[in-house]
1. Give me the orientation-averaged projected area of the Cα convex hull of segment 5-106, in nm², one decimal.
2. Which distance in nm do the two modelled labels at Ser10 and Glu58 give, with both placed 7 Å along the Cα-to-Cβ direction?
3. With each run of n ≥ 4 DSSP H residues scored as -39500 (n - 2.57), what mean residue ellipticity at 222 nm is computed for the chain after dividing by its residue count and rounding to the nearest 500 deg cm²/dmol?
Amino acid sequence: MDDDRRVLMSLANLLASGRYGTRAYESPQDFFADGYAGLVCVITDLGMRPIDGIQMLERTVHSDTTTPITGKPGQDTEAYFLQRGALGFFRKPVDGDALLDLLDSIV
């Protein structure tokens, strides 16, 4: 999930190259309206509005599926998100091989 369509399509293509099915969303509202039952992993941008990546993590952490991605360095570190239940944390530009390796370890 990313509100930047180019990033969203790039991630979808990367995941498809790793033979992962995807459901791409440009907004958290669309994601929650569709539901996330049966998903192995939710990859979300942190800088979205009105629901940001931290709120996404809080709402989905019970399902053990969330991997936040951010393009903006900030005060919150990888450890911050991992301690709150994220499966991984990536900064943009995303290391595609590392993301696919993480997904392979989850499945």
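Read-outs: derived from the displayed coordinates by stated rules, not from any lab. Here the structure is a predicted model, which is why all the values come from computation and not from measurement. Every residue, glycine among them, receives a Cβ derived from its backbone with ideal geometry; neighbour counts consider all protein chains shown.
1. Numbers: hull surface 24.2 nm².
Taking the Cα atoms of segment 5-106, their convex hull projects to 6.1 nm² on average.
2. Computed distance between label sites Ser10 and Glu58 equals 2.9 nm.
3. Values: 5 runs with 45 residues, N = 107.
-12000 deg cm²/dmol, from helical runs alone.
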